[in-house]
Ligand SMILES: Cc1cc2nc3c(=O)[nH]c(=O)nc-3n(C[C@H](O)[C@H](O)[C@H](O)COP(=O)(O)O)c2cc1C
């Protein structure tokens with residue numbers, strides 16, 4: 001297995017040599033075509049940069065052909081103002097319309113999030129989607145049972161007891177402060193105690209949350225749920241993740257009931273310049 005180079009199209013510009021993060025593409029001389037160095041297949045992280053960057057579409061990997069890569073469309077480039085508004089107008093959505101989200105749209109969101117960066121391009125994130133509102137509510141109830149147990153044991157390791165008592169009281173009054181009566185829950189999980197799975201999950205969920213409004217959706221991190229998923233065996237059992245895996249984060253998701261015409265203020269960045 002090796003790189004496939006279109007020898008007529010390749011201009012020997014060396015861009016692929018310079019761009020490769022693993023440093024495994026070399027040219028034997030200025031007129032020679034780029035090629036993998038010895039042992040490259042083992043070192044390649046499958047990032048596809050060499051294929052994506054080639055101005056002549058002259059390079060393909062055994063597992064990624066240039067012809068299969070979508071091209072970047074200049075007409076879809078977003079302006080700085082659009083990015084600023086996208087980032088600043090993102091909100092944690094906690095009030096949802098009753099209408100469920102089409103499964104195809106949820107699948108599309110996850111399909112987008114899988115393009116977020118992962119350490120060494122390991123792509124270690126796996127997904128669990130809770131599709132039914134009733135199941136989300138059942139899982140939220142298990143979180144509440146965990147919290148009630150902490151209150152009973154006066155265990156304030158995770159949260160102050162008054163906060164837990166408040167969340168339980170709200171639940172008992174019919175208000176779900178855990179999953180906010182969301183219609184769906186998206187859990188990102190991966191191998192236990194595997195840092196790339198943790199960072200990959202958090203970045204993928206962040207990407208998904210940021211993208212959601214463009215698809216008419218709103219999301220909110222389910223932090224209480226995620227903590228309980230890794231602390232409360234009955235909740236872990238209900239999720240039934242594969243052995244050796246853990247939740248690294250979860251989002252409630254649905255159609256937002258309200259829009260926000262303004263963007264709230266935040267603290268200035270605390271930056272040290274050296
Ligand atoms: C890791 C993490 C966990 C969170 N967990 C919850 C949660 O369990 N419930 C909730 O209502 N909001 C949760 N949030 C949302 C934050 O409260 C929210 O991001 C913050 O108040 C700022 O509001 P904004 O996201 O609209 O800018 C969480 C956010 C993060 C980043």
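The set of residues from the range 248-262 being in a loop (DSSP other than H, G, I, E, B) and within 10 Å of the ligand (Cβ to nearest atom) comprises just one member, 260. Can we say residue 265 is within 16 Å of the ligand (Cβ to nearest atom) and in the same structural domain as residue 215 (by TED's automatic domain parsing)? Against the criterion (within 16 Å of the ligand (Cβ to nearest atom) and in the same structural domain as residue 215 (by TED's automatic domain parsing)), residue 265 does not qualify. Restricted to helices (runs of 4 or more DSSP H) entirely inside the range 1-100, those with at least 2 residues that are buried (at least 16 other Cβ atoms within 10 Å of the Cβ) are 15-19, 49-53. The condition of being outside any loop (DSSP other than H, G, I, E, B), free of Cβ contacts under 8 Å to residues at least 40 places away in the same chain and surrounded by fewer than 18 Cβ atoms within 10 Å (Cβ to Cβ) does not hold for residue 243.
Let me confirm something: among 108, 90, which residue is within 16 Å of the ligand (Cβ to nearest atom) and touching a residue at least 40 places away in the same chain (Cβ under 8 Å)? Reasoning before the result, please.
Working: 108 fails: within 16 Å of the ligand (Cβ to nearest atom).
Exactly one residue qualifies, and that residue is 90.
Take the range 1-38 and flag every residue that is free of Cβ contacts under 8 Å to residues at least 12 places away in the same chain, farther than 21 Å from residue 117 by Cα and either assigned by TED's automatic domain parsing to the domain that holds residue 124 or within 34 Å of the chain's Cα centre (by Cα) (or both). Within the range 1-38, just 26 meets the criteria.
Inside the range 174-207, can you point out the residues that are part of a helix (DSSP H, G or I), crowded, with 22+ Cβ neighbours inside 10 Å and within 13 Å of the ligand (Cβ to nearest atom)? Show your work before the answer.
So the first thing to find is which residues in the range 174-207 are part of a helix (DSSP H, G or I), and the list is 195-207.
Applying the additional criterion that residues be crowded, with 22+ Cβ neighbours inside 10 Å yields 197, 200-201, 204-205.
Listed by number, the residues that qualify are 201, 205.
The numbered conditions (1) assigned to a helix (DSSP H, G or I); (2) in contact (Cβ under 8 Å) with a residue 40 or more places away in the chain; (3) not assigned by TED's automatic domain parsing to the domain that holds residue 226 are all true for residue 165 except (2).
The values are calculated or read from the model by the stated rules, or taken from the named source; none is laboratory data. Quantities reported herein were computed from a predicted structural model and do not represent experimental measurements. Cβ sites come from the backbone with ideal geometry, for glycine too, and all protein chains shown count toward neighbours.
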